[in-house]
1. Hey, fewest Cβ within 10 Å first, where do PHE301, PHE110, PHE220 land in order?
2. Rounded to whole Å, give me the distance from the Cα center of segment 422-450 to that of segment 382-404.
3. Can you work out the Karplus-derived ³J(HN,Hα) for every residue in segment 87-92? Use 6.51 cos²θ - 1.76 cosθ + 1.60 with θ = phi - 60°, whole Hz, and x for glycine or proline.
4. Could you list THR428, THR264 so that the one with the fewest beta carbons within 10 Å of its beta carbon is first and the one with the most is last?
5. Treating the beta-carbon of each Lys and Arg as +1 and of each Asp and Glu as -1, no other charges, what is the dipole magnitude of segment 2-449 about its Cα centre, to the nearest 20 debye?
6. Rounded, prolate or oblate: which fits segment 293-436 when a ≥ b ≥ c are the square roots of the eigenvalues of the alpha-carbon gyration tensor, with rounded for a/c under 1.5 and prolate only if a/b beats b/c?
7. By count of other Cβ within 10 Å, fewest leading, how are ILE162, ILE384 ordered?
8. Just want the answer: with Cβ charges of +1 for Lys and Arg and -1 for Asp and Glu, which residue in VAL218, ILE101, SER83 is farthest toward the dipole's positive end in segment 2-449?
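What follows draws every value from the coordinates through simple rules; no lab data is involved. These figures come from a predicted structure and were not determined experimentally. Heads up, the Cβs are rebuilt from the backbone with ideal geometry, glycines too, and the neighbour counts pull from every protein chain shown.
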Amino acid sequence: MTILNRLFKNIDNRTAVARKNILFSFSLKGISIIISFLLVPLTIDYLDVNEYGIWLTLSSLLIWINFFDIGLSNGLRNKLAESLAEKDYLLARKYVSTAFILLSIIMFVFFILFFIANKFLYWDKILNTDISQRETLNNLVLIVFAFFCLQFVFKTVGTILIANQQPAYNDLLNVLGNLLSLIIIYIFTKTSRPGSLSGVAITFSASPLLVFVLAYFVLFYGKYSYLRPTFSFVDFKYTKTLMGLGVQFFIIQLAVCIVVYSSTNIILTQLFGGESVTQYNIAYKYFNVLSMIYIIIITPFWTAATDAYIKKDLDWIFISLKKLIRIYLLSIPITFIMILFSNIFYKLWVGDKVIIPLSLSIAVAIYILLFNWSNTFIYFINGIGKIKLQLYTTVIVAILYIPVAIIAGKMFGVTGVVIASSLSLLPTSILMPIQCKKLYSGKANGIWNK
């Protein structure tokens, strides 16, 4: 915290808000990390290594739901931040109301389509498990999908908190959801044996939903009543405004989702089975602590960058970027230390149930470093909406990723698939810093300024 205080000394009001969120989020993320680490051995013990891998693969597939809004959430985030910066609260409420009803319609349509499609899907084959589980898995996936759809609509509350430059409160909601999951899984371990994959899946998908539903009523009938979504404020003429930039965000996020989440787990499952997914995700959770911490620091700067850009305060953006780069550089030696102690940590964490090669740990660590570096610049670029270059780059990478990951996996095993993930981040790691420099020096032209 001393380092952060030094980096943000003599600060303006916009940075002060960001720092308060960062400091509050650090406390919350510390709790979240502890919960996350406790959940892994607890869940593995309750199920087994293979079934836990099946759940991880299934949940990574369902994460795709987060991108079915066609970018509406990010479109709302930027447009709401703009209207609040200009103190146009009537327009802000129209944005919220319109986005909320659009999300509800989209999720309803997707659930009906999935309900029909699910009858023709063989989840035992998709998850590379025993055919005797087909009917159980098909029913379970449908139930979990319904929870994810509802959760997605009510997570709009978190988007509004972030647009109000209060991402720490969104983090609090996520922590409460995870804490509820931990409590229920712990109760299962004491009262329900053998382990139930269905129980775990429903717990992890229903707990966050409950928290966001409660938050919806607490916030919209309290402090944020002036933004409460109502039918009378729904105005579909703002659909294009919300989705214009939002569609580009949607394509970018969909491409990133293909690389980061679903495809990696599916490829591992198909090539090496559920146990490999567990190996990869344990290593990822360990090193992802760095990413979680770093995201805490940079998240407030997305909306703050929108505010600064609207007010033509480019100097603030440039100075903030320099400070964030210094923080990023501090993470490199920490990552090296984490690699050195990784095997010791894994043994203390999950015991001998899962063996993770050092090469896999190194590959995941490199991936996290590249991910954090590119996000340093992407968050500022997203804040001002100049995302065409990022859009084209991520789409090309997504197209190439799957065949490259399969080839690398066959050549180098589980580590090869992760190496392919790291390679996928190289283009944005190189291009985004260049674009930021051009934008904030006033020299951006063509694709660099779109």
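1. With the fewest neighbours first, PHE301, PHE110, PHE220 line up as PHE110, PHE220, PHE301.
2. 12 Å
3. 6, 9, 6, 5, 5, 4
4. THR428, THR264
5. The dipole of segment 2-449 has a size of about 1320 debye.
6. oblate
7. ILE384, ILE162
8. SER83
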